[in-house]
Structure formats: structure tokens, C-alpha cells
Amino acid sequence: MAAPEVLHLFHHPIADHSFSSDRQTLAVAKDNNVELYSRSGNKFLPKDELKGHDKTVTSVDIAPNSGMIVTCSQDRNAYVWEPSPTGWKPTLVLLRINRAATFVRWSPSERKFAVGSGARIIAVCYFEEENDWWVSKHLKKPIRSTITTLAWHPNSVLLAAGSTDSHARVFSAFIKGIDDRPEPGVWGERLPFNTVCGEYLNDSAGWIHAVSFSPSGDALAFAAHDSSITVVYPSAPEQPPRAMISITTQNLPFTSLIWNGEAEILAAGYDCEPYRFRGGEDGWELVGSVESKKGPGAGAAVEDSARNMFRQMDLRGKAKDDTQLTTTHQNTINTLRVFSGSAAGVQQFSTSGVDGRVVIWNA
């Protein structure tokens, strides 16, 4: 497998990142701003900076077709940034929330986006042509805590959400006049706004860190703080799922996951490296790490002499200097995204984390 492409941008945590569809522009959330980088040869160089938020930016997403960027922040606001001849033009979104905005994603149709928050609310935002502004409708019940993650169904109507009340839920975010009526499916037939199509509790009541629909939309995966990943296969509206498989691991918790076809999931988190899961309705298993480690400590290390070992023990209280991890990322991975290909067949994916790096991997 070819070595991953490592972009060491700075020494600050990256809360979220997003690439444009042509993979020439990279947006990263750094402190109160969003920095834009442009590809130049085999490097990404600083190009622009989106300034408008006055508190930490928690999430950023670039719409693949329109190129519009949406950002949200702990200042309880969201902005839609549109490219113009004079630069990026921001439009404030009326979220109507009284706690931090935590997560944002465009729907596949790009007619709307969803913003999670600490106010036990999901704001589903869409553009109102009459008044020329972005407005929101709220998904509230039965959310009982902060929304940590969101994921859209391929039909742009269903929305999965994970929260700190240990539940992963599937809601209908149907907006009349904006959305086309969806085809009946395993999640439901008539789907008015705020219909709860599924509600699943983590076995250990752990916070939900990540949710994702399979490429077909007929399965849901979520990762929780008990280091597990659960895959749900619904059967029919208001019926128990056909299968609900929980994969427990000895790893640290996963914070982000994506599907690679219907039988593979890629996940990453506090272990600082991406992992591969494979399976189906009959069962899932952890296959192993995507990364082939070649960093310090990997492979056959040269044995220290006894004298040098005791000197290290005397000076530092340990035999070896192990501050450098053997993984490409040197700290927690926050976000994992498809870089090239699609959820039906990922060719490359990207990760970003607390170490200020964005890494592009071959799937």
C-alpha cells in the first residue's frame, strides 16, 4: 500500500476539515476562523481565511456541487459562505439556539443543511427565496442532551443524529416546498417533519461520537464512547430491526466513521490511526489497522546497550524515549471523510486531528 500523504498544516488542533469536490481546496476549522488551503503541486498552501465567528469554530463543510461553505461555532451562529469576485461573501443563518452549535453538514441535495447544538436542538436550515435568507426549523423531541454528530441519508430527507444522552436517532427532516417526497423504505413511508424513524441506545450508555448511513441508506452505523461500533439493519416502520450488531473492541473510542461499500466501515479516534471493520447482517469484526507502521518503535528496533538503558532509566525514569508515536497522526483523530470515490466505493479518505495534520490515505 502506498504511503499516506501527510499535510502538517500547523501546531493547533483541527476541529473539522472538508475538501472541495475537485480536491483542490481544503477548509480546516482552527480556533475562531476557517483557513482555506489551495493545492499547489504536491502541497497545500494558505489561500484565504474566513473570519466572522467570535468563538471556536466547531465544524465546517463544503458543498460538492455549489462550492458553498457552511461553518458553525460555539458563538451559537452559522454562516454560509459563497464565492464571489471580491472573495467569500458570508450570510448569517437564523439558527435560533441558545447554546453552542456543535456540528454541521450539507444534505446530498445541497438545498439544506443541519446544525447540531448543545441546546438539545437540531436546526434544519434552508434558503427562503422570498426574504433572501437562510432560516431554520427545529428538531426537538425526544432529544435530551447535546448533539455531537449528524449524518444525512442519501435521499436528503432522513437525518441521523448522535448525542450525549447515549442515543442514535433517525429523524425525518422533510421540508415542504424544498424536498421531493421520498420513496417508501425500511425507515418509513409517510415522513412528516420530526418523525422519529429509529431510536437506538448504546449498550453501555456511552456518548455517541459518530453516525453514518450505508451507501444504500438501509443500514446505520454509530460509534460510542465505550469503544464499540453498532450497526443497525431496520426491518420496517415501527418494527424492531432485522439485526442490531454491536462490535466491542479493546481500542480507545472512535470519534468518526464512514462506510466503504455495504460491507466495510472505516473508523478512527483516540487511538490516532484508522481501523477497518468488515461484515454484514450475520456479524461484523475488526479486521485491523489501515496503517502499516514504520515510525519510531515500529519493526525491529536496535537494542540499546545495557549501559545506555540504565542511563536512560537514571535520567528520565524510563528505558526508552517513547514520546513519538509509531502512527502517522501524533494525537486524536477528530474527523474522517471520503477524499476520492464515494461511500459506495472509497478510493481514498482523509483524516484530521488534534496534532494539526490532515492525512490522505488509500482505502
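The values are calculated or read from the model by the stated rules, or taken from the named source; none is laboratory data. This structure is a prediction, so every number in the text was calculated from the model and none was measured. Because the Cβ atoms are built from the backbone with ideal geometry, glycine has one as well, and the counts that use them run over all protein chains shown. Note: areas computed on protein heavy atoms with side chains; ligands, DNA, RNA excluded. Shrake-Rupley method; radii C 1.70, N 1.55, O 1.52, S 1.80 Å.
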Select from the range 234-246 the residues that are assigned to a strand (DSSP E or B) and farther than 21 Å from LEU150 by Cβ and write down the one among them that is most open to solvent (accessible area, probe 1.4 Å). SER246
ARG307 - would you say it is at pLDDT below 95 and loosely packed, with under 13 Cβ neighbours inside 10 Å? yes
Among what's in the range 188-207 and is within 23 Å of the chain's Cα centre (by Cα) and among the hydroxyl-bearing types (Ser, Thr, Tyr), pick the residue that is most open to solvent (accessible area, probe 1.4 Å). SER204
Exclusive hit being surrounded by 13 or more Cβ atoms within 10 Å (Cβ to Cβ) and modelled with pLDDT of 85 or more, set GLY341, GLY283, GLY295: GLY341
In the range 208-233, what count of residues is obtained for those that are open to solvent by less than 10 Å² (accessible area, probe 1.4 Å) and in contact with an Asp or Glu (Cβ under 6 Å, 6 or more places away or on another chain)? 1
Is there any pair with a first residue in the range 167-188 that is under 23 Å from ILE208 (Cβ atoms) and small (Gly, Ala, Ser) and a second that is assigned to a strand (DSSP E or B) and modelled with pLDDT of 90 or more whose Cβ atoms are under 6 Å apart and which are 6 or more apart or on different chains, and what are they? ALA168/GLY162; ALA168/TYR200; ALA168/ILE208; ALA168/VAL211; ALA168/PHE222; ALA173/VAL124; ALA173/LEU159; GLY188/CYS197
Filter result (surrounded by fewer than 22 Cβ atoms within 10 Å (Cβ to Cβ) and either touching a strand residue (DSSP E or B) at 6+ places or on another chain (Cβ under 7 Å) or touching a residue at least 40 places away in the same chain (Cβ under 8 Å) (or both)) within the range 144-157: SER145, THR146, THR148, PRO154, ASN155, SER156
Checking TYR200 against (1) part of a strand (DSSP E or B); (2) under 22 Å from ALA101 (Cβ atoms), which single condition isn't satisfied? (2)
If we take the range 94-167, then strands (runs of 3 or more DSSP E) inside it with 1 or more residues that are within 15 Å of the chain's Cα centre (by Cα) and of a type outside the set (A, V, I, L, M) are 101-106, 112-117, 147-152, 158-163
Within the range 44-102, restricting to residues that are among the polar types (S, T, N, Q) and within 19 Å of ASP31 (Cα to Cα), the one that is surrounded by the fewest Cβ atoms within 10 Å (Cβ to Cβ) is THR56
Go through the range 30-59 and give me each residue that's among the β-branched types (Val, Ile, Thr) and either in a strand (DSSP E or B) or touching a Lys or Arg at 6+ places or on another chain (Cβ under 6 Å) (or both). VAL34, VAL57, THR58
All positions within the range 9-43 that are open to solvent by 40 Å² or more (accessible area, probe 1.4 Å), modelled with pLDDT of 95 or more and within 22 Å of ALA363 (Cβ to Cβ): SER21, ASP22, ARG23, GLN24, ARG39
